[in-house]
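Working notes, beginning with the structure itself.
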């Protein structure tokens, strides 16, 4: 059903945290595959990906999107963790075949108000759920996964994410 894409660079510990939050989705059959797109890691990122059963590639975002098996893509930053109960809102959104969506930021993981207002957040901080068809058209011009998510009109899911620490 879903292909999860995670773009990494020296992210072995963060990748392990993200993959752990996806286990329930893999067990339930919601997560069909996980693709780790590496951008020149010199640590053990590739070992973490391989031991978890992920497909590891250095071919870039566009190639990973075009080779994805799922019709919907879930794009996450290494270190981001999906909160309990994320599958039901994702499945409901996918079944309606609507526009792209992001997760709600978990209250426990939010920065203080003033810091949120004064800092620029990454486009993928809240994850991205996007159809493969839409992602393929956007990936042609995007240099990285953050560029894929930047400027998209999206819905907000009733599922929470703990953003990757900065």
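Between 124, 15, 152, which gets the highest mean-square fluctuation from a Gaussian network model of the chain, Cα cutoff 10 Å?
Of 124, 15, 152, the most mobile in the Gaussian network model is 152.
Output the direction-averaged projected area (hull surface divided by four) of the convex hull of the alpha-carbon atoms of segment 22-79, in nm².
4.2 nm²
Which value at 222 nm does the chain reach when only helices count, each DSSP H run of 4 or more adding -39,500 (n - 2.57), with the total divided by all residues and rounded to the nearest 500 deg cm²/dmol?
Computed mean residue ellipticity for the chain: -9000 deg cm²/dmol.
For the chain, with a Gaussian network of springs between Cα atoms less than 10 Å apart, report the residue from 135, 92, 106 with the top mean-square fluctuation.
Of 135, 92, 106, the Gaussian network model singles out 92 as fluctuating most.
Which value results for Rg/Rh of the chain when Rg is the Cα radius of gyration and Rh the Kirkwood radius based on the inverse mean 1/r?
Taking Rh as the inverse mean 1/r over Cα pairs, Rg/Rh reads 0.93.
Read the figures in this text as sums done on the coordinates, not as results from a lab. Given the structure is predicted, the values throughout are model-derived calculations rather than measurements.
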